[in-house]
Structure formats: structure tokens, C-alpha cells
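To start, the structure itself, in C-alpha cells.
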Amino acid sequence: MDIEAEIRALQLDSAEDNNATLIPEDAKPEEVEMTDKVEEEGMTDEVDTKSQPVQAEPKVKDKEVADMDCAEVPDEMESQKKRHLNVVFIGHVDAGKSTTGGQILFLSGQVDDRTIQKYEKEAKDKSRESWYMAYIMDTNEEERVKGKTVEVGRAQFETETTRFTILDAPGHKSYVPNMISGASQADIGVLVISARKGEFETGYERGGQTREHVQLAKTLGVSKLLVVVNKMDDHTVNWSKERYDEIESKMVPFLRSSGYNVKKDVQFLPISGLVGTNMKTRVDKNICPWWNGPCLFEALDSVEIPVRDPKGPYRMPVIDKFKDMGTVVMGKVESGSICEGDSLLVMPNKAPVKVLAVYCDEDKVRRAGPGENLRVRLSGIEEEDISSGFVLSSVVKPIPAVTEFTAQLQILELLENAIFTAGYKAVLHIHSVVEECEIVELLQQIDPKTKKPMKKKVLFVKNGAVVVCRIQVNSLICIEKFSDFPQLGRFTLRTEGKTIAVGKVTDLPSRSSA
């Protein structure tokens with residue numbers, strides 16, 4: 001194959017530039033590995049400037065070369081065998097999300113007894129004995145003093161078949177934007193509900209976070225949901241089957257109305273996050289004689305994984321960036337694979353960058369596929385030129401960048417006295433983008449029964465309506481049509497701290513700056 005020959009020649013050129021005396025005929029795999037090592041150790045800028053011919057190739061070929069290079073490297077991600085899932089913990093404030101997350105880490109051996117004892121003492125000093133497990137996930141002082149999660153906490157744990165990343169989302173309504181950024185990276189959701197008398201009702205009533213979180217999770221692409229009924233050991237509950245059944249019977253119709261297929265995609269189970277009952281091992285029959293289902297770890301292990309395309313065009317929305325021997329961006333790979341040495345684009349700037357290193361969790365890897373949470377070190381761009389919401393994208397098929405798009409919206413609940421019409425302004429949340437937007441034109445209303453457009457011209461719509469409209473934003477954003485990339489084509493509209501509509505991108509202008 002002549003591409004392979006080209007690669008060999010290129011690698012030999014750069015090797016000769018680095019004062020290595022190699023004869024072209026002797027181009028054996030060992031030497032190819034050697035040059036790989038040279039690259040891996042990042043032999044300062046000198047090597048970069050000398051191996052310039054590689055970058056001077058046409059961009060498409062550069063990507064092919066990188067891909068061929070990748071193919072020669074044994075796929076480290078596959079050799080790890082374990083699948084990877086992002087799990088977001090959602091639910092009303094005080095339902096026990098951080099405590100459950102902390103207990104999972106403790107049970108899976110990620111936190112030792114001494115640390116737990118330290119947290120117990122700290123919580124006791126604050127007269128908050130039951131919060132000590134939450135301290136594992138809530139690491140900053142503000143969160144510990146208030147007992148409320150603010151940021152999205154992250155942690156890893158493993159079971160026998162799966163590597164999990166826990167995303168602990170805040171439950172308080174002031175921090176819903178943070179919850180959105182957590183849920184947009186998740187594959188499955190764990191909805192934590194408090195069984196304690198009065199607490200379930202507060203979270204479930206209109207305006208409670210249980211409802212809003214479920215609707216957002218569905219919109220943000222969390223297709224599978226484990227509903228864990230927590231605090232079953234509370235003295236108002238005492239593992240009562242009646243209370244568990246009451247909660248399930250109220251939640252099922254609501255989950256169905258939010259778009260979940262309850263039989264296929266939702267599983268209910270009772271737990272106690274504080275003491276760890278029915279989490280790693282099944283609950284003792286003496287405590288709960290009526291429960292015959294799985295424990296939390298078993299349920300997480302048995303969740304079907306969503307299908308992803310490792311050979312698709314590369315897409316990684318940036319959720320954070322920082323400086324560390326170059327510019328480092330963080331995000332979740334939504335499509336395609338990345339390899340050390342790849343040439344990519346940062347959109348919407350169209351800035352060409354080169355991948356210097358890829359880190360998965362804490363480990364440096366040569367290659368990573370879709371679904372992984374990565375930190376990628378780049379050359380060719382400054383940290384201040386990247387914002388969250390930008391997308392690391394393949395050169396051959398970059399992601400479209402637009403200021404206007406057509407979308408189908410479902411209106412959930414408008415603010416009192418508000419009319420949804422052309423000129424309506426809201427905040428758009430789509431993957432990691434948060435941008436102010438304006439409804440420019442209502443195109444047609446969809447009949448909810450027939451799912452077909454109505455004939456009459458639409459000037460305004462009310463709660464519950466489904467409408468196709470044009471939406472405009474002030475600066476370029478990177479999005480895809482929902483039919484092509486569901487993860488990058490679904491969004492929510494919020495205003496004054498309330499989710500008013502959910503939607504999907506149906507069409508992009510043909511002149512999108514891709």
C-alpha cells in the first residue's frame with residue numbers, strides 16, 4: 001500500500017532529522033516504535049519544527065496518516081476489555097445523591113476507613129453526623145457547610161465488567177445549569193428519591209426538582225434510568241413495602257409522560273445510601289423480606305450500553321480547559337476516536353491543532369474511543385482562545401457552526417403571563433454550550449395526536465404545544481442535526497431559572513460555516 005510506504009518514508013525522514021542514521025531498506029517495526037517513543041517523550045519544539053514536512057501534507061492525508069499510525073498501535077482501550085459508562089446522580093435537594101455516591105466509592109474500595117473516620121469527625125463537629133458520606137463527593141468547604149452540592153462532583157469506580165464515572169449533580173434549583181452540564185455527559189441516570197415522609201412529596205410536587213431533573217435528563221439524552229428509593233431505613237419508613245409501592249405508582253405515570261419507556265428503560269430499587277443496604281450486596285431478608293430484585297451494583301452492571309460509532313467523525317464538546325505544559329481541554333467523546341499525533345480542528349474558530357497527549361481518567365493512553373471522558377493536550381492554540389461549548393472536531397468532516405437553526409420545540413411550562421411568540425428570549429443549553437437565544441419565527445404547530453403540521457398559521461403557542469421554529473443566537477455555536485447526532489442536536493430552553501421548553505435541531509442553514 002503506497003500510504004504505508006509514505007508513512008514509513010515520513011517517519012524515516014523525521015528520524016534522520018533527529019540524527020538517527022537509518023537506511024531506508026532497514027525500516028523495521030522496531031525503528032517505527034523508536035520514533036513513536038521519541039514523539040511520546042515530546043522531544044521539545046525542535047523535533048516539531050524539524051518534522052514539519054509531515055504537517056505540510058494536505059490536511060486529509062495528515063488525518064489518514066494519523067489514523068494509519070493509530071491502526072499500528074495495539075488498541076489500548078480495547079485491551080482494557082471493560083466497558084465505560086458515565087452515571088449521573090440526579091434528584092431533589094437532600095434526597096441523598098452525594099451520600100449514595102460516597103457510599104458507592106467506599107464499598108468499591110476507592111476510599112479507605114481512615115478517610116471515612118476523618119469525615120465522620122468533621123461532620124460531627126458541624127453537628128451534621130449524617131453528612132459524612134456526602135463529604136467524599138462534596139469536596140469544597142461551601143458545599144460542606146451548607147450540605148448542598150454546587151459543582152458537579154466526579155469520581156471513578158469499577159465493578160467486574162464495567163468502569164464507571166460518577167457525576168454527582170446538584171439538586172438545588174439555583175444550580176440547575178450545573179446539573180445540565182453533568183447530565184449532558186451521562187449515559188445513564190440514577191434518580192435518587194427520598195422515601196422519608198414529606199421529602200418525596202416536596203421533590204415531586206410542581207416546582208420540585210425531581211420533576212425538572214427527570215425532564216431534563218430525558219432531553220439531555222440520558223436514555224436509561226435507575227430510580228433508587230433512598231432512606232428506606234428511616235424511622236418514618238422502616239423498609240415499608242406500602243411506602244415503596246406508593247412512590248413507584250406515583251413516579252411511573254410521570255416518567256411515562258416525560259418520554260421514558262418504563263418497562264424497557266427504567267428500573268426501581270430500594271436502598272439506604274447512608275448505611276449501604278442493598279448497594280453492593282442484596283438486602284438481607286430479615287431487613288426487607290419483600291424485595292427479590294437486584295442490588296444497585298448488579299443493576300448498574302446489567303444496564304445495556306448505548307451504541308456508539310468509533311469510526312465516525314471525531315466530536316468532543318469542550319466542558320473545561322486549563323494550562324499544563326500546553327493547552328489542555330476536557331470533555332466526553334461523542335463520536336469517533338482520537339490518537340496521539342492526530343490533527344484536528346477546534347470549532348467554531350476553525351483553529352487547526354495537533355494532539356500531543358491523551359489522558360483517560362488519570363492514565364495516559366495512545367488512543368481513546370467514544371464515550372470516554374478525556375483530557376487532551378493540544379498544540380497550536382492558546383488556552384484563552386477556547387471556551388466551553390467549543391468542539392474538538394475532525395478535519396475531514398468538521399462540525400457545523402451556525403448562528404441560526406430550525407428546531408422542533410415542546411413547551412413545558414412558561415412563566416406566568418408569558419406568551420411564546422416571535423421575539424421570545426431565553427437561554428439555550430445544548431451539549432456544553434450555554435448561549436442567549438431569540439425565537440425569530442414560529443413556522444408551524446404540530447398536532448400532538450397526528451404528529452403532523454397543522455394548516456393554520458401560528459402566531460403564538462401555550463404550554464404543552466409542539467412547535468417548529470427558527471432560533472437565533474448572538475455568536476457562532478457548534479451543533480448538529482438531531483437525526484445525524486442526537487447528543488449534539490438536543491437542547492433545553494430556560495428562563496429566569498426555570499426550564500420552559502425542550503427541543504431538537506431539525507435543520508441547519510446550508511451555508512453553515514463548517
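The values are calculated or read from the model by the stated rules, or taken from the named source; none is laboratory data. Predicted model only: the values in this text are computed from it and were never measured. With ideal geometry, Cβ positions are generated from the backbone for all residues, glycine too; neighbour counts draw on all protein chains shown. Please note that ligands, DNA and RNA were not included when accessible areas were found on the heavy atoms of the full protein model with its side chains. Shrake-Rupley method; radii C 1.70, N 1.55, O 1.52, S 1.80 Å.
Do any trypsin sites (Lys or Arg not before Pro) in the stretch 203-271 lie in a loop, going by DSSP, with at most 15 other beta-carbon atoms within 10 Å of their beta carbon, and if so which?
Working: sites: Arg206, Arg211, Lys218, Lys224, Lys231, Lys241, Arg243, Lys250, Arg256, Lys263, Lys264; in loops: Arg206, Lys231.
Here the trypsin sites (Lys or Arg not before Pro) that fit, given the DSSP loop and packing criteria, are Arg206.
Across the alpha-carbon atoms of the stretch 262-317, the computed radius of gyration and Dmax are 16.6, 54 angstrom.
Counting Lys +1, Arg +1, Asp -1, Glu -1, what net charge surrounds Gly423 among other residues with beta carbon under 10 Å of its beta carbon? So the surrounding residues net to -1. When Leu107, Leu216 are compared by accessible surface with a 1.4 Å probe, the order from highest to lowest is Leu107, Leu216.
Ignoring ligands, DNA and RNA, what percent of the accessible area of the stretch 436-514 is carbon or sulfur (1.4 Å)? It would help to have the intermediate numbers written out before the result.
Numbers: 2240 of 4410 Å².
Answer for the stretch 436-514: carbon and sulfur cover 51 percent of the accessible area.
Can you tell me the relative contact order of the stretch 336-487? Whole percent, Cα pairs under 8 Å, sequence separation 6 or more. Walk me through the numbers on the way to the answer.
On the way: 298 pairs, mean separation 34.8, N = 152.
Relative contact order of the stretch 336-487: 23 percent.
Radius of gyration (Cα atoms) of the stretch 207-288, expressed as a multiple of 2.2 N^0.38 Å: 1.17.
Just report the Cα centroid separation between the stretch 197-217 and the stretch 435-456, whole Å. Taking the Cα centre of each part, the stretch 197-217 and the stretch 435-456 sit 28 Å apart. The GluC sites (Glu not before Pro) of the stretch 330-377 that meet both conditions, a loop assignment by DSSP and at most 11 other Cβ atoms within 10 Å of the site Cβ, are Glu362. In a reduced charge model with +1 at each Lys and Arg Cβ and -1 at each Asp and Glu Cβ, the stretch 354-499 shows a dipole moment near 880 debye about its Cα centre.
Using R0 = 22 Å, the C-beta based FRET efficiency linking Asp507 and Lys455 works out to 0.60. Sorting Arg367, Arg377, Arg114 by solvent-accessible area of protein heavy atoms yields Arg114, Arg367, Arg377, largest first, with a 1.4 Å probe.
Run through the DSSP bridge list for the stretch 186-288 and note the antiparallel percent, rounded to the nearest 5.
On the way: 1 of 13 bridges.
Counting DSSP beta bridges with both partners in the stretch 186-288, the antiparallel share is about 10 percent.
Does the stretch 188-245 come out rounded, prolate or oblate by the C-alpha gyration tensor, with a ≥ b ≥ c the root eigenvalues, rounded set by a/c under 1.5 and, if not, prolate when a/b is larger than b/c and oblate if not?
Verdict is oblate for the stretch 188-245.
Taking 0.36 nm per residue of separation and subtracting the current Cα-Cα distance, fully stretching the chain between Glu438 and Val396 would add 11.9 nm.
Take the Cα of Glu246, go 7 Å toward its beta carbon, and the backbone nitrogen atoms of the stretch 183-205 under 20 Å from that spot belong to 192-205. Hey, quick one: spin label on Ser379, modelled 7 Å out along Cα-Cβ, who in the stretch 334-353 has an amide N within reach, i.e. under 15 Å? 340-344, 352-353, by backbone N distance to the label point. Computed on the stretch 405-514, with alpha-carbon pairs under 8 angstrom and 6+ residues apart, the relative contact order is 37 percent. Between Asp484 and Ile305, how many nm apart are label points set 7 Å from Cα along the C-beta direction? About 2.6 nm separates the two model spin labels. Only protein heavy atoms count here; on that basis, with a 1.4 Å probe, His84 has an accessible area of about 10 Å².
Here is the link list: Lys397/Lys425; Lys82/Lys118; Lys82/Lys311; Lys323/Lys350; Lys224/Lys280; Lys97/Lys462. Which ones come out longer than 26 Å on Cα distance? Over 26 Å Cα-Cα: Lys397/Lys425; Lys82/Lys118; Lys97/Lys462.
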